[in-house]
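The values are calculated or read from the model by the stated rules, or taken from the named source; none is laboratory data. What you see is a predicted model; the values in this text were computed from it and never measured. Positions of Cβ are generated from backbone atoms using ideal geometry, with glycine treated the same way; all protein chains shown enter the neighbour counts. All accessible areas refer to the heavy atoms of the entire protein, side chains included, with ligands and DNA or RNA removed. Shrake-Rupley method; radii C 1.70, N 1.55, O 1.52, S 1.80 Å.
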Amino acid sequence: MSRVITYAQALNEALAHCMDQDDSVFIMGEDVGRYGGIFQVTAGLQDRFGVDRVMDTPISEAAFVGGAVGAAMTGMRPVVEIMFIDFITVAMDMVVNQMAKMHFMFGGRAKVPMVIRVNIGAGRGTAAQHSQSFHAIFQHIPGIKIAMPSTPHDAKGMLIEAIQDDNPVLFVEHKKMYIDKGEVPEEAYTVPLGKANVVRPGKDITVVATLNMVAKALTVAEELAAQGVDMEVIDLRSLCPLDREAVLASVRKTGTLITADEGCHTGNMGAELAALVAEQALDSLQAPIVRVAGPDTPVAFSPPLEQAYIPSEQDLKDAVARVLEYL
Amino acid sequence: MDIPPKTVRELYRTMVVIRAFEEKVQDLYARGHIPGLAHLYIGEEAIAAGVCANLGDKDYITSTHRGHGHVIAKGALLKPMMAELYGKETGYCKGKGGSMHIADVNLGILGANGIAGGGLPIAVGAGLSCKMKHPGQVAVCFFGDASSNNGTFHESLNFAAVHKLPVVFVCENNGFGISVSQAQHQAITDISIRAAGYGMPGQTVDGNDVLTVYLAAGEAIDRARRGEGPTLLECKTYRWRGHHEGDPNQGGRYRSKEDIQAWVENCPIKRFEQYLTKNKVMTKKQMQAVWDEVEQEIDGSIEFAEQSPFPPLEEMFQDVLA
Ligand SMILES: Cc1ncc(C[n+]2csc(CCOP(=O)(O)OP(=O)(O)O)c2C)c(N)n1
Ligand SMILES: [Mg+2]
């Protein structure tokens, strides 16, 4: 049975399901207990599962992310919440040198089955240290799966999958999407990591998007359909594993690629896809690749500047117009 | 206690400015005039006022997400402060920083900080440059009880102690980090005992008693100025409002109304007013005059902020690199 719930509730159901099924699953993070997490993703879970399994941590990101690594290596399945992705930097050694590499360094003889939940995104007036979208940094580090669900449905299914996965997973949410609503089955289900989703098939222009850029791309696609342009919208859903086949198949079909992700322009997810296409499908391109992305600046506080920072539907339309010049 | 009456009156005025400023921000936030997050300092005024009264323009402070009080006490002007909260071009950071990043390097204010514990190493660095180039100057580092659990606290105290840096670490222990009480985030009650582990003096004082804070901070700051190294000063206090404005029921979910009320009665300003009256330093009328003057100044800052323009969009691309 499906019903309409929010993205935050969908994540909450995934957590509750996994904790119910497996007593090695537990949650750590700041204010995740009685407070329910600042975006209410863990609301009610401490009442249900107790303070040991839904644990408020001290402000000690290095200790609780590293603690999750140690717990994961010794039989637990921790799910860690980092309040804003910006704060993961405090635990970077634990993420990059420890979590990501244990399995490989130990010759495949240790596993680190843990999830780190973070959120990205500007738009809440929280300025340069609470609005970043630097998830692409982790794409550069072998050994971490990176999930980016764009709907409540995928949020639930991908989080269950991530918790059950034997690898460390960075689970990237968008802080503006927690109150988005969508159809979500009541029962448990999984959505695979590393599989893109063609949300709108089309034959003229390929747009590969993440998180809330997917919804923006769909809106633009409807508008363009009225003008006779048939846009294909692909929700990438994971940065690692990267669904190269889905992207290449679409580019070979349309001869175009527009990427849409909120991270800064330089080195963001679009850069990797552009390189992929340059390496493997250059001969199918009929137009330049265009990246819709945040500008290469920190996020400013001032509301008009912050709004201008966020990649918009207009930016997508401008990108399409640029591509259309060549078709 | 041999504190000159002028200083005593200044301590009072500083606390009043902070309180009145924060109450205005509370109201402006509730009416949607100020965007983003505003973490208010109401109830904790005695700490910033008492500590910063010992500092000159050439001394440094690092502040926190709850920084309005620190920067006011360090001498920041209300107009560019208020304009910054509005995100206006005339703000301290041209509107690009907002409440959590107010800075005025010329006044030694090395910034409020959005990262819990982010300011401690910065203060160590300011202490380094004082020691190397400006002996006699000091850096004061404000941080909260919960932020004392970030690794930066431990690394910074050790570093400052071993190199005898002129840094005073001022811990504002208001009993909570967002919803998590001190008992839930650390196994000690007096954070100052940690000083022993790093080889520096530590002291816990009543952070709602401005004269006590003033004197204790003065001693630590003098010691730092003399080149004798850092001190950890813990000031016990309480935050009246929620973690930030807009926090659902203003923090009522994780603490009792009675606790909040008890601390409201322990108001640092009310307590100081009683002291001032009892010791005949100021009359009720003189105190009222301070409030009236301050309210006017704050209204002026709001008018200034509201009339100022937003920064032009090109401003977004400025200042990324120097
Ligand atoms: C590294 C980091 N982790 C988490 C946060 C989120 N956060 C902001 S303030 C805060 C609590 C801080 O408590 P405390 O240091 O006691 O200061 P107070 O708010 O009580 O003044 C938390 C967890 C942050 N800003 N930075
Ligand atoms: Mg605190």
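Loop exposure criterion: chymotrypsin sites (Phe, Trp or Tyr not before Pro), DSSP state outside H, G, I, E and B, at most 12 other Cβ atoms within 10 Å. Applied to chain A, the longest stretch between such sites is A:107-325.
Show me the GluC sites (Glu not before Pro) within the stretch A:227-327 that DSSP assigns to loop and that have at most 12 other Cβ atoms within 10 Å of their Cβ.
Passing sites in the stretch A:227-327 are A:325.
In chain A, the inverse of the mean reciprocal separation of distinct Cα atoms equals 20.1 Å; this is its Kirkwood hydrodynamic radius. Taking the alpha carbon gyration tensor of the protein assembly as shown, multiplying each eigenvalue by 5 and rooting it gives semi-axes of 47, 28, 23 Å, largest first. Express in whole angstrom the spacing between the alpha-carbon centres of the stretch A:234-276 and the stretch A:1-47. Comparing the Cα centres of the stretch A:234-276 and the stretch A:1-47, I get a distance of 31 Å.
Here's the picture: a label point sits 7 Å out from the Cα of residue B:89 along the beta-carbon direction, and within the stretch B:290-322 the residues with their amide nitrogen under 15 Å of it are B:305-318. Taking only the Cα atoms of chain B, the radius of gyration and Dmax are 18.9, 57 Å. Here each label is just a point 7 Å from Cα along the line to Cβ, and for residue A:252 and residue A:21 those points are 3.5 nm apart.
Where the only charges are on Cβ atoms (+1 Lys, Arg; -1 Asp, Glu), what is the dipole of chain B about its Cα centre, to the nearest 20 debye?
Value, rounded to 20: 640 debye.
When the surface is traced with a 1.4 Å probe over the full set of protein chains, residue A:140 keeps roughly 150 Å² accessible.
Modelled spin labels at residue A:89 and residue A:101, positioned 7 Å past Cα toward Cβ, are 2.2 nm from each other.
Here the gap between residue A:190 and residue A:140, fully extended at 0.36 nm per residue and compared with their Cα-Cα distance, gives a gain of 15.4 nm.
When the convex hull of its Cα atoms is viewed from all sides, the stretch A:1-115 shows a mean projected area of 7.8 nm².
Given R0 = 56 Å, the distance between the Cβ atoms of residue A:265 and residue B:257 translates into a calculated FRET efficiency of 0.65. What is the distance in Å between the Cα centres of the stretch B:254-322 and the stretch B:113-192? So the separation of the two Cα centres works out to 25 Å.
GNM, chain B, Cα, under 10 Å: largest mean-square fluctuation among B:86, B:214, B:198? Result for chain B, Cα springs under 10 Å: B:198 fluctuates most. Compared with the dominant Cα axis of chain A, that is its longest principal axis, helix A:7-21 is turned about 40°.
Backbone phi angles across the stretch B:118-127, fed through the Karplus curve with coefficients 6.51, -1.76 and 1.60 (θ = phi - 60°), yield HN-Hα couplings of x, x, 5, x, 5, 5, 4, x, 5, x Hz in residue order; Gly and Pro are listed as x. For a paramagnetic label modelled on residue A:327 (point 7 Å from Cα along Cα→Cβ), amide N atoms under 17 Å away belong, within the stretch A:257-279, to A:257-260.
With runs of 4+ DSSP H residues as the only contributors, calculate the mean residue ellipticity of chain B at 222 nm using -39,500 (n - 2.57) per run, divided by the residue total and rounded to the nearest 500.
Using -39500 (n - 2.57) per qualifying helix, the result is -14000 deg cm²/dmol.
GNM remark for chain B: springs join alpha carbons under 10 Å apart, and the peak mean-square fluctuation among B:49, B:196, B:103 falls on B:196. Taking the inverse of the mean reciprocal distance over all distinct Cα pairs, the Kirkwood hydrodynamic radius of the stretch B:1-91 comes to 13.8 Å.
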